[in-house]
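Colleague: My structure is below; once you've seen it, I'll send some questions.
The values are calculated or read from the model by the stated rules, or taken from the named source; none is laboratory data. Because the structure is predicted, anything quoted here is derived from the model rather than measured. Neighbour counts are summed over all protein chains in view; Cβ atoms, including those assigned to glycine, are modelled from backbone coordinates with ideal geometry. Each accessible area value is taken on the protein alone, full model and side chains, heavy atoms only, with ligands, DNA and RNA left out. Shrake-Rupley method; radii C 1.70, N 1.55, O 1.52, S 1.80 Å.
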Amino acid sequence: MNARPSNDSARLNRTRDDALRERARRVIPGGMFGHMNVAALPANYPQFFEAAEGCRLRDADGRSVIDFMCAYGPMIVGYRHPQVDEAVARQASLGDLMTGPSARMVELAERLVALLPHADWALFQKNGTDATTLCVTIARAATGRRKVLVARNAYHGAAPWCTPYPGGVIAEDRAHLVHFDYNDLPSLQQALESVRGDAAAVIVSAFKHDFGRDQQLPSAEFAQGVRRLCDEQGAALVLDDVRAGFRLDLRGSWEPLGVRPDLSAWSKAIANGYPLAFVSGSDAYRQAATQVYATGSFWCGSVAMAAALATLDVLERHDAVAHMRQMGERLRAGLQAQALRHGVGIRQTGPAQMPQVLFDDDPSFERGMLFTEVALDYGVYLHPRHNMFLSLAHTPEDIDEALRATDIAMAAVAAGFGANT
Ligand code: PMP
């Protein structure tokens, strides 16, 4: 393995990325927006990429890294997967967005209804926020009620009703949100009691994956309790499977817990990076879903639907969930051994295929920042605060190569901050 280059601009060797940032600053507010803005990441993180294949990215300056973010989740079977991209090319040669949908929409809805035990129908959108917002709207239409129960610190999208950031949001946008704590049934019960008769929906993510915090899987008791309370109060149980969907269980993330939602929001991984989201729901909500005016100029594009059909084929054929879990467990075991060896306290939480690695005694993420900075220098793209993602394209060899880099990064944390175990 190469020695770490020195810590100056030559080390970053980021001519093209820097030039693009400079041009972007002039024509894009803040130079970059949203979750892909790297301003809060270590200084060596590139902002721009030029190519990707399998589980590897090539940045604008031609540097290749193993990617553990998978485009923040959408990539699931590998960048430029041949079978998905072949389906995309075939559909593109016929037509993408037309004056009406193609047969792909019906095929995909049929496929999803057959795959997801809770689903009797599906409606398509483009982004996760479209899907979560539509779930809430359908729940309100179905119940004639106003209140939406949301777990504190959970992320359900970037619309005014759910964004975690205050800019441009007015109190009225969120007037009917009521908060509870994830995995805390009494707090949900209390929240529901406080709005008795007016609860339209309880929206829950597949597991607790709040930014910068330890992740938490839902206990079966919590999930089953949410179902029971929703039934008692006549509120819709909305499962936000946008982030975890197709990584924990192809049938829906709460299926192993024996809990079926009324409505579910999906996006990210469904089409391996092609833009698509969908809402799935049960017959009880079909009438409301028919009545709500759901649409968008691009929602009926056929290419993303063809990509989704091919992605589902690949996921099923390769038992992708088991593969991602195994690769995640391999990474997790390797990191745990390294942390132990270097005397560095870390916490690895949540499902192995969506790892979150946080350091002990690290309230402002300085250890995490150093760890990810050094790992990137050695060719591994991690995140210091956000959960990461495995894919079908990550092989045991990729994980082992990544672990060689993280060993150096873990040593750097121990050297920089001292052992703390
Ligand atoms: N819900 C969850 C759980 C998410 O993780 C996200 C995106 N990170 C969204 C909703 C919103 O999806 P999008 O960014 O595609 O609008």
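Colleague: Run down Val178, Val195, Val204 and say which single residue is among the hydrophobic types (A, V, I, L, M, F, W, C), under 24 Å from the mean Cα position of the chain (by Cα), farther than 22 Å from Pro355 by Cα and in the same structural domain as Asp240 (by TED's automatic domain parsing). Step through it out loud before you land on a result.
Modeller: On the way: Val195 fails: under 24 Å from the mean Cα position of the chain (by Cα); Val204 fails: farther than 22 Å from Pro355 by Cα.
Sole residue among the options that is among the hydrophobic types (A, V, I, L, M, F, W, C), under 24 Å from the mean Cα position of the chain (by Cα), farther than 22 Å from Pro355 by Cα and in the same structural domain as Asp240 (by TED's automatic domain parsing): Val178.
Colleague: Determine which member of the set Thr406, Thr395, Thr349 is of a type in the set (Ser, Thr, Tyr), closer than 28 Å to Pro218 by Cβ and assigned by TED's automatic domain parsing to the domain that holds His35.
Modeller: Details: Thr406 fails: closer than 28 Å to Pro218 by Cβ; Thr395 fails: closer than 28 Å to Pro218 by Cβ.
Criteria check complete, one pass: Thr349.
Colleague: To continue, here is another question. Tell me which residues, restricted to the range 245-259, are free of Cβ contacts under 8 Å to residues at least 60 places away in the same chain and surrounded by fewer than 24 Cβ atoms within 10 Å (Cβ to Cβ).
Modeller: Of the residues in the range 245-259, the ones free of Cβ contacts under 8 Å to residues at least 60 places away in the same chain are 245, 253-254, 256-259.
If the condition is that a residue be free of Cβ contacts under 8 Å to residues at least 60 places away in the same chain and surrounded by fewer than 24 Cβ atoms within 10 Å (Cβ to Cβ), then Pro256, Leu257, Gly258, Val259 are the ones that fit.
Colleague: So, one more: With (1) open to solvent by 30 Å² or more (accessible area, probe 1.4 Å); (2) more than 23 Å from the chain's Cα centre (by Cα); (3) over 30 Å from Val178 (Cα atoms); (4) not charged (D, E, K, R) as the list, and Tyr79 as the residue in question, which single condition is left unmet?
Modeller: Of the numbered conditions (1) open to solvent by 30 Å² or more (accessible area, probe 1.4 Å); (2) more than 23 Å from the chain's Cα centre (by Cα); (3) over 30 Å from Val178 (Cα atoms); (4) not charged (D, E, K, R), the odd one out for Tyr79 is (2).
Colleague: Test His35 against the criterion of being over 19 Å from Arg16 (Cα atoms), within 22 Å of the chain's Cα centre (by Cα) and either in a helix (DSSP H, G or I) or assigned by TED's automatic domain parsing to the domain that holds Thr372 (or both), and give yes or no. First the steps, then the outcome.
Modeller: Values: over 19 Å from Arg16 (Cα atoms): yes; within 22 Å of the chain's Cα centre (by Cα): yes; either in a helix (DSSP H, G or I) or assigned by TED's automatic domain parsing to the domain that holds Thr372 (or both): yes.
It is true that His35 is over 19 Å from Arg16 (Cα atoms), within 22 Å of the chain's Cα centre (by Cα) and either in a helix (DSSP H, G or I) or assigned by TED's automatic domain parsing to the domain that holds Thr372 (or both).
Colleague: Could you tell me whether Leu331 is closer than 18 Å to Asp67 by Cβ, surrounded by 17 or more Cβ atoms within 10 Å (Cβ to Cβ) and more than 20 Å from the chain's Cα centre (by Cα)?
Modeller: On the way: closer than 18 Å to Asp67 by Cβ: yes; surrounded by 17 or more Cβ atoms within 10 Å (Cβ to Cβ): yes; more than 20 Å from the chain's Cα centre (by Cα): no.
In short, no.
This table checks each residue for (1) under 16 Å from Gln125 (Cβ atoms); (2) open to solvent by 20 Å² or more (accessible area, probe 1.4 Å); (3) within 14 Å of the ligand (Cβ to nearest atom).
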residue: Glu232; (1), (2), (3): no, yes, no
residue: Pro261; (1), (2), (3): no, no, yes
residue: Ser267; (1), (2), (3): yes, no, yes
residue: Thr295; (1), (2), (3): yes, yes, no
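Colleague: Please state which of the following conditions Ser280 fails to meet, knowing it meets all the rest: (1) open to solvent by less than 10 Å² (accessible area, probe 1.4 Å); (2) of a type outside the set (A, V, I, L, M, F, W, C); (3) under 22 Å from His35 (Cα atoms).
Modeller: The failed condition is (3).
Colleague: Hey, does the range 355-372 have a residue that's within 24 Å of Ala269 (Cα to Cα), touching a His at 6+ places or on another chain (Cβ under 8 Å) and open to solvent by 10 Å² or more (accessible area, probe 1.4 Å)?
Modeller: no
Colleague: When you scan the range 138-189, how many residues do you find that are in contact with a Ser or Thr (Cβ under 8 Å, 6 or more places away or on another chain) and open to solvent by less than 80 Å² (accessible area, probe 1.4 Å)? Spell out the reasoning first.
Modeller: If we filter the range 138-189 for residues that are in contact with a Ser or Thr (Cβ under 8 Å, 6 or more places away or on another chain), which is where we start, we get 151, 154-159, 161-162, 169, 178, 180-183.
Pick out the ones that are also open to solvent by less than 80 Å² (accessible area, probe 1.4 Å) and you get 151, 154, 156-159, 161-162, 169, 178, 180-183.
Of the residues in that region, 14 qualify.
Colleague: Can you tell me how many residues in the range 373-390 are among the small types (Gly, Ala, Ser) and surrounded by 23 or more Cβ atoms within 10 Å (Cβ to Cβ)?
Modeller: Filtering the range 373-390 for residues among the small types (Gly, Ala, Ser) gives 375, 379.
From the residues that got through so far, the ones that are surrounded by 23 or more Cβ atoms within 10 Å (Cβ to Cβ) too are 375.
Of the residues in the range 373-390, 1 are among the small types (Gly, Ala, Ser) and surrounded by 23 or more Cβ atoms within 10 Å (Cβ to Cβ).
Colleague: Search the range 168-180 for residues that are under 17 Å from Thr132 (Cα atoms) and pair each with any residue that is surrounded by fewer than 14 Cβ atoms within 10 Å (Cβ to Cβ) and among the small types (Gly, Ala, Ser) when their beta-carbon atoms are under 9 Å apart and the residues are at least 6 apart or on different chains.
Modeller: Val178/Ser194
Colleague: Is it the case that some residue within the range 54-63 is open to solvent by 40 Å² or more (accessible area, probe 1.4 Å), away from the ligand (no atom under 16 Å from the Cβ), under 20 Å from the mean Cα position of the chain (by Cα) and not small (Gly, Ala, Ser)?
Modeller: yes
Colleague: Here is a follow-up. Scan the range 86-106 and tell me whether some residue there is buried (at least 18 other Cβ atoms within 10 Å of the Cβ) and touching a Lys or Arg at 6+ places or on another chain (Cβ under 9 Å).
Modeller: The answer is yes, given that some residue of the range 86-106 is buried (at least 18 other Cβ atoms within 10 Å of the Cβ) and touching a Lys or Arg at 6+ places or on another chain (Cβ under 9 Å).
Colleague: Could you identify the single residue in Met69, Met32, Met75 that is within 16 Å of the ligand (Cβ to nearest atom) and without any contact (Cβ under 8 Å) to a residue 60 or more places away in the chain? Before you say what the answer is, go through the steps one by one.
Modeller: On the way: Met69 fails: without any contact (Cβ under 8 Å) to a residue 60 or more places away in the chain; Met75 fails: without any contact (Cβ under 8 Å) to a residue 60 or more places away in the chain.
Unique residue meeting the criteria: Met32.
Colleague: Quick one: in the range 108-137, of everything that is assigned to a strand (DSSP E or B), under 22 Å from Gln91 (Cα atoms) and open to solvent by less than 40 Å² (accessible area, probe 1.4 Å), which residue is farthest from the ligand (Cβ to nearest atom)?
Modeller: Selected residue: Ala122.
Colleague: Here is a further query. Just one of Leu376, Leu370, Leu335, Leu390 is outside any helix (DSSP H, G or I) and in contact with a Pro (Cβ under 9 Å, 6 or more places away or on another chain); which is it? Full working, then the answer.
Modeller: Working: Leu376 fails: outside any helix (DSSP H, G or I); Leu370 fails: outside any helix (DSSP H, G or I); Leu335 fails: outside any helix (DSSP H, G or I).
Selected residue: Leu390, the only one of Leu376, Leu370, Leu335, Leu390 that is outside any helix (DSSP H, G or I) and in contact with a Pro (Cβ under 9 Å, 6 or more places away or on another chain).
Colleague: In the range 393-414, which residues are aliphatic (A, V, I, L, M) and either part of a loop (DSSP other than H, G, I, E, B) or open to solvent by 10 Å² or more (accessible area, probe 1.4 Å) (or both)? Steps first, answer last, please.
Modeller: Just the residues of the range 393-414 that are aliphatic (A, V, I, L, M), to begin with: 393, 399, 402-403, 405, 408-414.
Ala393, Leu403, Ile408, Ala411, Ala412, Ala414, listed by residue number.
Colleague: Taking into account only those residues within the range 199-222 that are open to solvent by less than 10 Å² (accessible area, probe 1.4 Å) and away from the ligand (no atom under 16 Å from the Cβ), which is nearest to Val279 (Cα to Cα)?
Modeller: Applying the filter and picking the extreme gives Ala200.
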